[in-house]
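Asks: Provided herewith is a single structure, encoded as structure tokens, for subsequent inquiry.
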Amino acid sequence: MQNRSAALQAFVDAAETAFRERARGDESQRSVRCGFSALREPTDKPTSVPASEGCRLPVCDEHLDQVIDPAHFPDGDLAALAETFRALEPALSWSKRKGTTPAASDTFDQGHANTLIIGPGGLERRTDVWLGVSLLAPDVRYPDHTHPPEETYLCMSRGEFTHGGSDWFEPGPGGSFYNSPGIMHAMRSGAEPLLAFWLLLAE
């Protein structure tokens, strides 16, 4: 693990514990197992970015500290995930979604932020597994979107999701669900900010 910082390794360990504990269904459990098995070996590319290179968007300043406070999570695995993420967050570069935004709310542009922790452009640059997080301010609907990699979500707050034409559903804090490759999906926040981690198995 010589190419992975202690802080990033602590986050990966906490994420694996939480994702494995909370994955539901055979497909999700398989995807999570394969993803974190791959992450046991870091890539030989740069794996850490100095904190000074991190970049927050205004929505992060307004809502992130509230929604990721470890004290809000009574379950130890979620509290550890929140704590290790907070230690990494100053080095992360947050950005807005690019491209078209079908069905997004008028509040979407200024009310969302995404960041990759592991994956192209992340703290650990690799193409096989992507591990990131999305933040929505209150009353924001994310656009309908799809992508080839399969995906497992782990929610850290309240919020609603839809996939494959389903009704909106709320996993709740600690809830997890699986998106098959190519499925159309979206999320939306209510009166509270929404924060969700996602694990994409690209290869």
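Every residue, every condition in (1) of a type in the set (A, V, I, L, M, F, W, C); (2) touching a Gly at 6+ places or on another chain (Cβ under 8 Å), yes or no:
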site	(1), (2)
P58	no, no
A71	yes, no
A82	yes, no
L92	yes, yes
T100	no, no
T107	no, no
I118	yes, yes
G132	no, yes
V140	yes, yes
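Asks: Does S31 fit the bill of being at pLDDT below 95, at negative phi, in a helix (DSSP H, G or I) and among the small types (G, A, S)?
Replies: When the stated conditions are applied, S31 does not pass them.
Asks: Just to be sure, is G164 closer than 26 Å to L8 by Cβ and surrounded by fewer than 21 Cβ atoms within 10 Å (Cβ to Cβ)?
Replies: no
The values are calculated or read from the model by the stated rules, or taken from the named source; none is laboratory data. All of these numbers come straight from a predicted model, not from anything done at the bench. No Cβ is skipped: glycine too gets one built from the backbone with ideal geometry, and neighbour counts run over all protein chains shown.
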